[in-house]
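Undergrad: Here it is, the structure, as structure tokens.
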Amino acid sequence: MFAAPCIVFIDEIDAVGRQRGAGLGGGNDEREQTLNQLLTEMDGFEGNAGVIVLAATNRADVLDPALLRPGRFDRQVQVALPDGRGRGAVLRVHARGKSLDSRVDLDELALRTPGFAGADLANLLNEAVILAGRRNLPAATPREVDDALDRVVAGLEGAPLLDGRAKLLVAYHEAGHALCATLAPGHDAVQKLTLVPRGRARGLTWFLPAEDQTSLTRRQMFARLVGALGGRAAEEAVWGTAEVTTGAASDLQEASRLARAMVTKYGFSEVGPYALADPGARSGDVVMRLLSRRWVSEALQRRVDAAVARITAEAYALALDLVRRHRPALDRAVQLLMERETLSGDEFRQLLCAEQGKESGVTAAVAGFGGAVVATPATLVSASNTQTL
């Protein structure tokens, strides 16, 4: 090569390096010709000393096997999203030169942003500084950072809800999420509840992960299922089955996804420790999904569906029981939400602890998936004191 020595970097290599023969026609299209030429240049008859070829992709699973053979892209480096410590370091880098109030805790912000890439964190701080400028503040305070995070994750702030049944319904829905999540052991701590609409959501309940979780236990997944169904359970407990609304549509989708993953992906059911989902069906490639074959028999599929239905029903029954058992705390949380529109996680836990004390400390175990137990007031106080919000 005339430019040697050099480094050749190819971004989004999957655009030309997809597996050959996956097209509907099965022919030798232009993309496959490009891939063939690339393979020849990388490891053909012609020597290219001094040339190092690097490539990047988010879809290594769709690359042609010939592209990954020795002599070609035979060394693979996984670049994962930053963990909590990494996000803290990235935030400190992007905070340089920005007007941030001394009360802004970047380490706490790192805990609240799991799954954020470096660009997401930079955008978050930029949004916070922009909000501070719009409010004529010399520096971005924790409030601006909090609002910026809401905006980045959930979208722009919408028109406020008017007092009335619609606002009351949203308040009960969000309080139901928070109550069930707090009392279901293994769930992430509630960070805040808000009735401020953002994006397509009329209200939001935020959670603060205790740490970067690379894996979840069966109890943790079931707790998330209970928390997801808490809003619908609150609607039914307050207004009855005939008056539940369509507001829980996204919650039901998430609950169905969790329950099915517990059965078909993680083996968390009586069906057994099997992976029952076809990798081709999960692929982002439309052609691979069309060509994927059915991996399980109809009899086994019926067992899977029955297990999914059972797990979901158990989670919903537990959510209903928690809401009804702690109805005074739910009503008090809704009252405060209607007045303030936002409650912090600490405020909610203190409220729940106080109301539980009035109820003579009912802490009986509730039958659930693997024996879920309602948290005691002492547990709530401990969670509140150890959580940095």
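Readers should treat all values here as calculations from the given coordinates under stated rules, not as data from a laboratory. Keep in mind that this is a model prediction, so the values were computed, not measured. As a convention, Cβ positions derive from the backbone with ideal geometry for all residues, glycine included, and neighbour counts pool all protein chains shown.
Undergrad: Just the projected area, averaged over all directions, of the convex hull on the alpha carbon atoms of segment 84-154: how many nm²?
TA: Projected area, direction-averaged: 4.1 nm².
Undergrad: Right, next: Using 0.36 nm times the number of residues separating ASP331 and TRP239, minus their current alpha carbon distance, what extension gain do you get?
TA: That works out to 31.8 nm of additional length.
Undergrad: Could you tell me the center-to-center distance, by alpha carbons, between segment 53-121 and segment 189-266 in angstrom?
TA: So the separation of the two Cα centres works out to 27 Å.
Undergrad: Another question about this same structure. If each residue of separation counts as 0.36 nm, what is the full-extension length gain between LYS98 and LEU156 once their alpha-carbon separation is subtracted? It would help to have the intermediate numbers written out before the result.
TA: Numbers: separation 58, 0.36 × 58 = 20.88 nm, distance 2.26 nm.
In short, 18.6 nm is gained.
Undergrad: Could you order peptides 269-276, 172-179, 233-240 by the average number of other Cβ atoms within 10 Å of their residues, highest first?
TA: Working: 269-276: 13.9, 172-179: 28.1, 233-240: 20.4.
Averaged packing, sorted descending, gives the order 172-179, 233-240, 269-276.
Undergrad: Note the full-extension length gain between THR217 and ALA313 as 0.36 nm times their separation in residues minus their Cα-Cα distance, in nm to one decimal.
TA: That works out to 32.6 nm of additional length.
Undergrad: Sort 297-304, 90-97 for me by packing, meaning the mean count of neighbouring Cβ atoms within 10 Å per residue, highest on top.
TA: The peptides rank, most packed first, as 90-97, 297-304.
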